[in-house]
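Beneath this line is the structure, given in structure tokens, with notes to follow.
The values are calculated or read from the model by the stated rules, or taken from the named source; none is laboratory data. Since this is a predicted model, take the numbers as computed values, not measurements. Here the Cβ positions follow ideal geometry from the backbone for every residue, glycine too, while neighbour counts run over all protein chains shown.
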Amino acid sequence: MSTDVPPHILAEHRRSRLLENTFVVDFDVHINERPSDLVPFCELPWRKALEELEKVPHRYLDIPAFAPNISVWAGAAFSTLERRTIVSSPGQLREDLDLLGVDVGVLFPDNFLMHSLLKPADYAVALARAYNRWLVDVWLSEDRGLIGALLAPNQDPVAAAAEIRRFGDHPRVGCVFLPTCCVDPLYGHRSYDPMYDAAQEFGLPVALHSVQALNPVFPFNLQAFETAFSAHVISHAVSMVANAMSMLETGVPVRFPDLKIVFTESGVTWVPWLGMRLDKEYSERRREVPLLTERPSHYLYGMYFATQPIEEPERMRDMALMMEVFGGENSVVFASDWPHHDFDHPDKVLQIPISDDAKRKVMGGNGARLLGLEVPAR
């Protein structure tokens, strides 16, 4: 195998026997997009901006006006690993996924995790269009078990809907990526209805994905914390909580009953907590949410939740109990976050003491159902 992963990492990633016999869909794999990659796909005059940005020294997820990352804490920084954290070609990614025992990988960007911060709207839309064309032409040109997540520019939901309709019937486009880092307004706002309508029309799930940042927009106003340790613990999960609440209070799952909603890179233990809190409020304030004819948890537990970063309690059976509360056997999908520093190996999720049938659902069955894929016989 011609990979640049160090030998000690290769040894750590040997697959278990159970994993060898499990169909695995990874709902969060990252590809690295550089300004130069998008230049051939970007319209003028914004193409000139990308050509200038390529002159900026390469920094990891921190390119001004492209990936405006202000989440690097102004304090001590410690390395957490000794390997690459960027995937730059489809062949390289396929080798990595084979090593991890992953059959199908859903592709999300690196730098454009912070796409919501880009202004003006015309520029953000132009970059989203260029990214989607690059994604389809370069990464999805062949059947390598790679599924693309279209980038929906929240700055212009009508333009986002047009992108979904342009590529919605592509055989290897499987979902729509909603950038959730510092998004304003939250995704329950009715201005986003056009893109939900388009995603529902093509049967494409919408996948919310966040990343750590420091910004006045709730819930990324993290300046009260002194360490990246604290900020990273809270930023992803609270971002998902905020957007889930926003979508529920405006009745998104009621108004778009066939729309599938996925929350990625926030773990799963926040789900039963939020469901219980929402049901408590609903018992006292249901007049404020007249579109919800069932308890809020009914709609929340009907959404999907990616495992990474999977919580690791001292007793792994606690994870099984948590999943039982919200029916996670049928709504949790595996995600690794490869190749980022905090990625989860598939074998880690298989340690949760649930039935073999439930493991097969979490590791691949639920993801296959979301993406409209057939699970092959092992």
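Given the structure, is LEU259 touching a strand residue (DSSP E or B) at 6+ places or on another chain (Cβ under 9 Å), buried (at least 16 other Cβ atoms within 10 Å of the Cβ) and more than 27 Å from TYR60 (Cβ to Cβ)? Yes. Note on segment 128-152: residues that are closer than 24 Å to GLN200 by Cα and hydroxyl-bearing (Ser, Thr, Tyr) total 1.
For segment 26-38, a residue qualifies if it is more than 20 Å from SER210 (Cα to Cα) and either in contact (Cβ under 8 Å) with a residue 40 or more places away in the chain or in contact with a Ser or Thr (Cβ under 7 Å, 6 or more places away or on another chain) (or both), and the qualifying residues are ASP37, LEU38. The residue pairs whose first member lies in segment 249-265 and is without any contact (Cβ under 8 Å) to a residue 60 or more places away in the chain, whose second member is assigned to a helix (DSSP H, G or I) and of a type in the set (Phe, Trp, Tyr), and whose beta carbons are closer than 7 Å, counting only pairs six or more residues apart or on different chains, are PRO253/TYR299. Restricting attention to segment 35-71 and to residues that are aromatic (Phe, Trp, Tyr) and outside any helix (DSSP H, G or I), the residue that is surrounded by the fewest Cβ atoms within 10 Å (Cβ to Cβ) turns out to be TYR60.
Would you be able to say whether some residue in segment 148-157 is part of a strand (DSSP E or B), of a type outside the set (Lys, Arg) and surrounded by fewer than 24 Cβ atoms within 10 Å (Cβ to Cβ)? Taking every residue of segment 148-157 in turn, at least one turns out to be part of a strand (DSSP E or B), of a type outside the set (Lys, Arg) and surrounded by fewer than 24 Cβ atoms within 10 Å (Cβ to Cβ).
Every residue, every condition in (1) at pLDDT 95 or above; (2) farther than 23 Å from ALA149 by Cα, yes or no:
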{"site": "ALA49", "(1), (2)": "no, yes"}
{"site": "GLU54", "(1), (2)": "no, yes"}
{"site": "ASP62", "(1), (2)": "no, no"}
{"site": "ASP96", "(1), (2)": "no, no"}
{"site": "GLY105", "(1), (2)": "yes, no"}
{"site": "ASN111", "(1), (2)": "no, no"}
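All but one of (1) in contact with a Phe, Trp or Tyr (Cβ under 9 Å, 6 or more places away or on another chain); (2) in contact (Cβ under 8 Å) with a residue 24 or more places away in the chain hold for ARG317, so report the exception by its number. Only one criterion in (1) in contact with a Phe, Trp or Tyr (Cβ under 9 Å, 6 or more places away or on another chain); (2) in contact (Cβ under 8 Å) with a residue 24 or more places away in the chain is unmet by ARG317, namely (1). Among the numbered conditions (1) within 20 Å of LEU93 (Cα to Cα); (2) at pLDDT 95 or above; (3) surrounded by fewer than 17 Cβ atoms within 10 Å (Cβ to Cβ), the only one that ASP342 does not meet is (2).
Taking the conditions (1) free of Cβ contacts under 8 Å to residues at least 24 places away in the same chain; (2) touching a Pro at 6+ places or on another chain (Cβ under 6 Å) in turn, VAL325 satisfies each one other than (1).
Once segment 313-336 is narrowed to residues that are in a helix (DSSP H, G or I) and under 22 Å from VAL233 (Cβ atoms), the residue that is nearest to the chain's Cα centre (by Cα) is GLY328.
With respect to the stated conditions, TYR131 is closer than 14 Å to PHE177 by Cα and hydroxyl-bearing (Ser, Thr, Tyr).
Within segment 262-273, count every residue that is more than 20 Å from CYS181 (Cα to Cα) and either crowded, with 22+ Cβ neighbours inside 10 Å or among the aromatic types (Phe, Trp, Tyr) (or both). Residues meeting the conditions: 1.
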